[in-house]
Each structure stands twice: as structure tokens, then as C-alpha cells.
Amino acid sequence: MTLLMDVTPQVKKVYPLPLVPRPWVLSSLFAAFNVVLLLFFSGLFFAFPCRWLAQNGEWVFPIITGPLFALTFFSLVSLNFSDPGILHQGSAEQGPLTVHVVWVNHGAFRLQWCPKCCFHRPPRTYHCPWCNICVEDFDHHCKWVNNCIGHRNFRFFMLLVLSLCLYSGALLVTCLIFLVRTTHLPFSTDKAISIVVAVPAAGFLVPLSILLLTQAVSVSSADSTYKVKCRHLHGYNPFDQGCASNWYLAICAPLGPKYMAEAVQLQRVVGPDWTSVPNLHPPMSPSALNPPARPGPPTSGYLQTREGSPWVW
């Protein structure tokens, strides 16, 4: 007896591809929005209150605010597209079990292993969780420009904060002077626009001034804004070389070689120049504070002393 069975063809269900979250889109749009916001309020300022003052013979206001706007816009755009000091990923030849210890002005540092970039990070180099990169002399991640602040663009960041403080103060003072000069005139569009510009200028001026003061103190003491678990011997900061030298190294010193090229090989085979120890203990004698002599030329690599670097062997 033949059994008749209903044969139902199996149709494979097509599921839509999962949407991959792209957090960089929102942060990039926010950075672009800040640039547009600067252009918008600056356009209102130059088109209404500043124009009225210039038409009435007060040319000193556009002469001062014009270069300040150009400097602020230049520093903002430059910081958006600048290289903070990215260190490219190394090779997987060495693992985290190898211990590297370096000496910086009689201060011992154990190089931390970065599991995402696969190399031992130099002193003051940290992995940014937002950008997923290791940045040399990492200070912080600035969401206003969607970029990290590190060794190669810290001077652009200080220039941006300083120019924003000066520009915001100039906008606020100009708008207040315009309102005082036009008290005898009826309320007009120029007065309304001057109030619209003066309110955010005053709101940004206070936090920007506090930020500028905080960064100035950090540079003077060679301290990083990024708080990490880093212990110095007896509370001594080996990166502090004096107020004048710290400002020179942070603002004026040459930046040294750039590591953005793919040909740069960061992971090297450890030679006799490095001290491999299982645990790091503070030296007990003054002679032990000095690093061992390094015969011959220094080994090339990302831990080599660089001109203008704030850490000296």
C-alpha cells in the first residue's frame, strides 16, 4: 500500500541584516554642529551689532573680533582633523607575559600591555575607549571636536581654548557696548540679535576660562588631565622638568617623528637594553636609581628617546 504524504517545500526565511551601531556618526555630527554653531553666531554678530558699530565709526570692534574669529575657526577645524599621536597596532610576536621596565629621570615605569593594539605602551600612552586607538601622551578625549587630545595636537587644543576665551569675551563686550550706545533708540532687530549673541557668549566664557586655567596648571606641573593608576617613587613626578621647560615641551618643542605611517614597526624584539623582571620594586640605594649603562647606539623603536618628548632617558 502506497502511503501518500504531503510534501511541503521548505522555504528558507530571509532575515534582515542586523543594524551595526555606528556611534562615530553621532559624535561626528556633533562636532560638525559645533562648527556650524560658531559660524552661525559669528554671522549674526558681524551682520548686525558689529555692522552698526562700524557704520558709526567704531572700526576698532571689527578689527579686533575679525582676527579672533579667524583664529578660533582655524584652531577648531585644525583640531578636528589633527593627529593626536596615534600609535598603530603592533605584531602578535610578543605577548603580555613579557615585562618591560623603563626609567624616566630616576623613576621606574612598567610598560602596560594593550590587548587591543598588541604592544607594550610607552609611558603616558593610553588606549582611548571612544576611538579604539592608543594615543601618545593621552590627555583626554574631546567630544566637542570628536578627537583625542595627545602629544601631537595638544598645542592646537590650547590654542582653541585660548582663542575661544578671547573671542567669547570680545563678543560679550562688543554686544554690551552696542546696547549701551543704542539705549536712546527704540528696540530693533540689531538689539535683539545682540542679546541673542551675548547670552551664549557669556555662558561659554565661564567654563572656558575654568578649562584654560585647569590646563595651564596641568602644563606647569607636567601633569596629565587623564587620571590613571600610576605610582611614582616617593610621590616624585619624573616628567616635571620645571615650569618653563614644561611649557616649552608642551607648546614649542619639536613633535618628533610621526607614527601614522604603516611602515613603522612598533613591536621589536627585546634586546639587552631592556630589563625584564617579574615584579617591580623601588630601589633602596641611590645607585640603583640610575638605569644600567646602554652600550652602543640605542635600539630603534617606539620607546626610543625622541627630540621634544617630555620623557628623557
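Any read-out appearing in this document is the output of simple, stated calculations on the displayed coordinates, not a laboratory observation. The model shown is predicted, which means the values in this text are computed figures rather than measured ones. As a convention, Cβ positions derive from the backbone with ideal geometry for all residues, glycine included, and neighbour counts pool all protein chains shown.
Things to note:
- Separation of the Phe40 and Gln55 label points, Cα + 7 Å toward Cβ, nm: 2.5 nm
- Under 5 Å, built H, 5+ apart or other chain: amide partners of Ala108: Leu233
- Distance between the modelled labels on Thr98 and Ala253, one decimal in nanometres: 2.7 nm (7 Å Cα→Cβ projection).
- Ser209/Asn132 FRET efficiency (R0 25 Å; Cβ-Cβ; nearest 0.05): 0.15
- Each residue of region 165-180 was assigned a 3J(HN,Hα) from its phi angle through the Karplus expression (A = 6.51, B = -1.76, C = 1.60, θ = phi - 60°), giving 4, 5, 5, 5, x, 5, 4, 5, 5, 5, 5, 5, 5, 5, 5, 5 Hz with x at Gly and Pro.
- Whole-angstrom gap from region 98-134 to region 25-62, using each part's C-alpha centre: 43 Å
- Computed lengthening from Gln241 to Phe74, 0.36 nm per intervening residue step minus Cα-Cα distance: 57.0 nm
- Label-to-label distance for Phe30 and Trp144 is 1.3 nm, based on points extended 7 Å past Cα in the beta-carbon direction.
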